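The values are calculated or read from the model by the stated rules, or taken from the named source; none is laboratory data. Owing to the predicted nature of the structure, the values given are computational and were not obtained by experimental measurement. Positions of Cβ are backbone-derived with ideal geometry, glycine not excepted, and every protein chain shown enters the neighbour counts. Surface areas here come from the heavy atoms of the whole protein model, side chains and all, with no ligands, DNA or RNA. Shrake-Rupley method; radii C 1.70, N 1.55, O 1.52, S 1.80 Å.
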Amino acid sequence: MTRTLPRIAVVILHYGDPRLTRRLHEQLLPEAQSTDTPVLVLDNAAPESYPDAWVRLAENRFWAGAFDYAVRAVRDMGRTHVWFCNNDVVFTSRPPHLGRALGRLAQLEAGLGRRVGLYSPAFEASPYHPQMVARPGGDWRLVRVLDGVAPLVSLDALEAVGGLDAADNPRGYGVDIWLAARLHDAGYALVVDDRLTLRHRHHTAARDVPGFLDAAARAEAAYLTARLGTAYRARIAAWQAETLPTEKGGA
């Protein structure tokens, strides 16, 4: 397999408390220059703007629309991957974070003999994705489905499976699940890294918008039913419980 060294851009989605965005932004900025990895804040027309934003959108495009914007912009920069991070995460593993991810991608693709479509840190805890909770002493693992809190996405892989497919679900809940399913079915590896961990405060900004979570849940149900069938919850639960062989490496 011909491999191109990954050229990553980190995009932090800002909406809600600027202090959360600042915390993550400043955590990653020291590595940006040494790794040639820009760390950019995309202000999603937040009620309280972020003063050091790379771009402030004219309207709230929600998660899926903002992700699509980031993908197009990062590709235009000549980057091969976008690391799209919610602003309410913080890395809890020791640095380097960007350097570790860059090294892991090269190592994993060489060992697996195939492309990594999605890569993610492990969570200290998660009420939604048990297959992504950090394992003490763990290395990395292949999974069947990934959460969209901090996915590092191959832009070529994303293009190969037709993009995000979120026109009917701009709020974005469930779009990450469907993307992971398509990438897996297309033969790309989905990796959770136990050595790179983060803490996530779920729905930090969404809870402050009256009715948002209910509307997003209804849209998610319609979206996933249309793509995975009426038993989509059971199907996703089975994917989360699935143990995949680690092939040539991993734990």
- Query: Which of (1) touching a Pro at 6+ places or on another chain (Cβ under 7 Å); (2) open to solvent by 40 Å² or more (accessible area, probe 1.4 Å); (3) of a type in the set (Gly, Ala, Ser) does residue 150 not meet, given it meets every other one?
  - Reply: (2)
- Which numbered condition residue 231 misses (of (1) among the aliphatic types (A, V, I, L, M); (2) under 15 Å from the mean Cα position of the chain (by Cα); (3) at pLDDT 95 or above): (2)
- Message: When the residues of region 178-228 are narrowed to those that are at pLDDT below 95 and assigned to a loop (DSSP other than H, G, I, E, B), which ends up nearest to residue 124 (Cα to Cα)?
- Response: 201
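Which one is farthest from residue 69 (Cα to Cα), of the residues in region 1-47 that are of a type in the set (A, V, I, L, M) and surrounded by fewer than 17 Cβ atoms within 10 Å (Cβ to Cβ)?
First, pick out the residues of region 1-47 that are of a type in the set (A, V, I, L, M): 1, 5, 8-13, 20, 24, 28-29, 32, 39-42, 45-46.
Now narrow it down to the ones that are surrounded by fewer than 17 Cβ atoms within 10 Å (Cβ to Cβ): 1, 5, 29, 32, 45.
Working: 1: 30, 5: 23, 29: 21, 32: 21, 45: 13 Å.
It comes out as 1.
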- Item | Filter result (under 18 Å from residue 85 (Cβ atoms) and not aliphatic (A, V, I, L, M)) within region 113-137 | 117, 119, 120, 121, 123, 124, 126, 128, 129
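Can you name the residue in region 129-142 that is farther than 12 Å from residue 188 by Cβ and of a type in the set (A, V, I, L, M) and, of all such residues, is surrounded by the most Cβ atoms within 10 Å (Cβ to Cβ)?
From region 129-142, those farther than 12 Å from residue 188 by Cβ are 129-141; that's our starting set.
This time we only want the ones that are of a type in the set (A, V, I, L, M), so: 132-134.
Numbers: 132: 23, 133: 16, 134: 21.
Restricting to residues being farther than 12 Å from residue 188 by Cβ and of a type in the set (A, V, I, L, M), the top hit is 132.
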- Message: Just to verify a result, which residue in region 74-106, among those that are free of Cβ contacts under 8 Å to residues at least 60 places away in the same chain and in a helix (DSSP H, G or I), is surrounded by the most Cβ atoms within 10 Å (Cβ to Cβ)?
- Response: 103
